[in-house]
Every structure is written in structure tokens, then in C-alpha cells.
Amino acid sequence: MSAATTRSRTPDRLCAEAVDLARAAAEEAAAPGVVGEHAGLESEGDRVVTHFFECKELGYRGWRWAVTVARASRAKFVTLDEVVLLPGPDALLAPEWVPWSERLRPGDMGPGDLLPTDAEDLRLEPGYSGEEEPVSNSAVSEEMAELVEAEDAEVTAGVPASLPVVPSRGSIASVAEELGMRRARVLSRYGLHVAADRWEESYGSKTPMAQAAPAPCVSCGFLQPIGGSLGQAFGVCANEFSPADGRVVSLSYGCGGHSEAAVMPKPPQPAPPVIDETRVDPFPLRPAPDSGSVPVVSDEDAAELGHS
């Protein structure tokens, strides 16, 4: 049995009574007036006791001055061990430190910022980096390499004897570059699932916008499909009036800008004019004599009034 398990948890009497010694040590280490009342003690082992005093520092609410005293075996005098400032059960503490790589959030990067990627990032896996020998999980297998070597020769005009150089055969690197595979690392299965979960949470079927949408994006004409396995569940919205314009959206997402949700009504066309060609309406070339505001007067009456 070890010595640690045989230690008594009962505080040593002389060490427990050395409150004045512990307070004097705390006041010497701290600023004047910041050591408060005695807040208890704790046995650290045989003849080792820690006294706690309240801390009155404004920025250290809930902290305690911890003064450890000890006594040698068969000794009658208590000696000072150490003085430290420790947080209490309800102390005000700073947030737990988090590495910078875990503090990053989408949108934190600005122009000129560089975000290094860990070599063991679970979101990535080795891709085809341009070597002649493909990696084990590459889509360019040995069978394809043999097929390329046998059939994928460049087609040129004329017979080989008349050419200045011998035609170069297709290589695995050229085929991989044509297929878009010349990347050192590609998304792993875990990286695909993480991206899918993130996109589904932002623009998925459970969002309030999708719940109120008249139809899902899978039937919308503004949905632009994407390639790869993620294209089976996601696409890109191309509706400039949609809240998801330019975003990767789930096929089950939806909004009020669905192409088939509402059709603008056509403006009403005026009725064609009706012309009655069976009757003739007379139109006088001159106005009628009695159509004016002055009554018609004969020449004799006008002569009596002095009119010429």
C-alpha cells in the first residue's frame, strides 16, 4: 500500500491553528487590503494544511488566497509552504482556451487571409497529384492505364515516316487532367457528409422558408444542377430574386420564387372596334344655322336694329 493512501485526511491541529501565520503570508504576497476573511481550510496530507482567505480584488470575484503550511514530524513549529491565488467554486473565470482552428467560423476570412489545412484533415483524402503511378483509391486503375497505353494515341495527318517527330502516346497524367483529377487531395466521405449536413441546415427542407414554399427546388427552372455525388441531393439557385441566389440548396428546399409557383397574368386585350357597315351616318360639312348660341335673325330685322 502506498504512502498516499495511508495519509490521514484529518487536518493537523497545529497547522489548522496557524491562521495568523497564513494571513500574514497572504497579506505580504497580495496588495494591501485585498485579503479578506478566513474561508476555511483543507488537509493536503500528513501535517500539511491549506488555509483559504477571501480575495477582495474587484477583478477576481470568487477567488481565494490559498496559503499552505506544513509541520515536520515531531516538530512543534509550523512553517510556510506556498501562497497562491486560486479560483473558488463560484469564481469568475475566463472562457476556456480554444485553438484558433476551432474558433474559426464561416465568414471570418478576409482578403489576404490564409487558412492552412491540416495534413490529417478528416475532410480530405489523397487524390491523383500527377504522378505516373496512381494512388490506390484513384479512379485511374491499372486496367485504364493499359487501355490508355494501347489505344489512346494522338491522331495526326500523314504516315509516321513523314512526321518530324514520333507521335506521343496518351499518359495517365493527361487523362487525369482531362477528367479533372489532378488534385493532391479531394473530399473524403466524411468531408462530403459534413458539407451536406451544413448545406441542409442552411437551405434544406426544415427551414421556415422551405416549409412555406409552394413547391420544392427539384421542380424549379432556376435550379442549376451540380456534378458529383452531391448533385443527387443539391443544386445551385440561379434566381436573382430568391434568398438563396448563388447558394447551394437542397433539392427539397423551396421559396416563393419558384418558377412554376405563380404565373404573371397577361394584360387584358381591348375588344376590337365594332363597325356597322349596313347603315350610313350623314356628316354635314357645315354646321346648322340654329346650332349656335345666337338666334337666327332675318335681314329685315337686322336692318331695323341698325345692322348692315
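Things to note:
- Enumeration of residues in the stretch 4-22 that are modelled with pLDDT under 90, open to solvent by 50 Å² or more (accessible area, probe 1.4 Å) and among the acidic types (Asp, Glu): Glu17
- Filtering the stretch 186-198 to residues that are out of contact with any Asp or Glu (no Cβ under 9 Å at 6 or more places or on another chain) and open to solvent by 90 Å² or more (accessible area, probe 1.4 Å) leaves His193, Asp197, Arg198.
- Residue within the stretch 38-54 that is under 39 Å from the mean Cα position of the chain (by Cα) and open to solvent by less than 90 Å² (accessible area, probe 1.4 Å) present: no
- In the stretch 199-229, the residues that are under 26 Å from Leu187 (Cα atoms), aliphatic (A, V, I, L, M) and open to solvent by less than 60 Å² (accessible area, probe 1.4 Å): Leu223, Ile226
- Some residue of the stretch 58-68 being more than 30 Å from Glu201 (Cα to Cα), modelled with pLDDT under 85 and open to solvent by less than 80 Å² (accessible area, probe 1.4 Å): yes
- Within the span defined as the stretch 90-100, every residue fails to be within 17 Å of the chain's Cα centre (by Cα), more than 30 Å from Ala16 (Cβ to Cβ) and modelled with pLDDT under 75.
- Residue within the stretch 259-277 that is surrounded by 10 or more Cβ atoms within 10 Å (Cβ to Cβ), closer than 30 Å to Val186 by Cβ, in contact (Cβ under 8 Å) with a residue 40 or more places away in the chain and not aliphatic (A, V, I, L, M) present: no
- Among the candidates Ala25, Ala31, the residue that is outside any strand (DSSP E or B) and surrounded by 17 or more Cβ atoms within 10 Å (Cβ to Cβ) is uniquely Ala25.
- Filtering the stretch 230-245 to residues that are surrounded by fewer than 18 Cβ atoms within 10 Å (Cβ to Cβ) and more than 16 Å from Arg198 (Cβ to Cβ) leaves Gly231, Gln232, Ala238, Glu240, Phe241, Pro243, Asp245.
- Every residue from the stretch 247-258 that is open to solvent by 60 Å² or more (accessible area, probe 1.4 Å) and touching a Cys at 6+ places or on another chain (Cβ under 7 Å): Arg247
- Residue within the stretch 86-100 that is hydrophobic (A, V, I, L, M, F, W, C), surrounded by 15 or more Cβ atoms within 10 Å (Cβ to Cβ) and part of a strand (DSSP E or B) present: no
The values are calculated or read from the model by the stated rules, or taken from the named source; none is laboratory data. Bear in mind the structure is a predicted one, so any value in this text is a computation, not a measurement. FYI the Cβ positions are ideal-geometry reconstructions off the backbone, even for glycines, and counts take in every protein chain you see. Side chains are part of the model used for accessible areas, which takes the heavy atoms of the whole protein and leaves out ligands, DNA and RNA. Shrake-Rupley method; radii C 1.70, N 1.55, O 1.52, S 1.80 Å.
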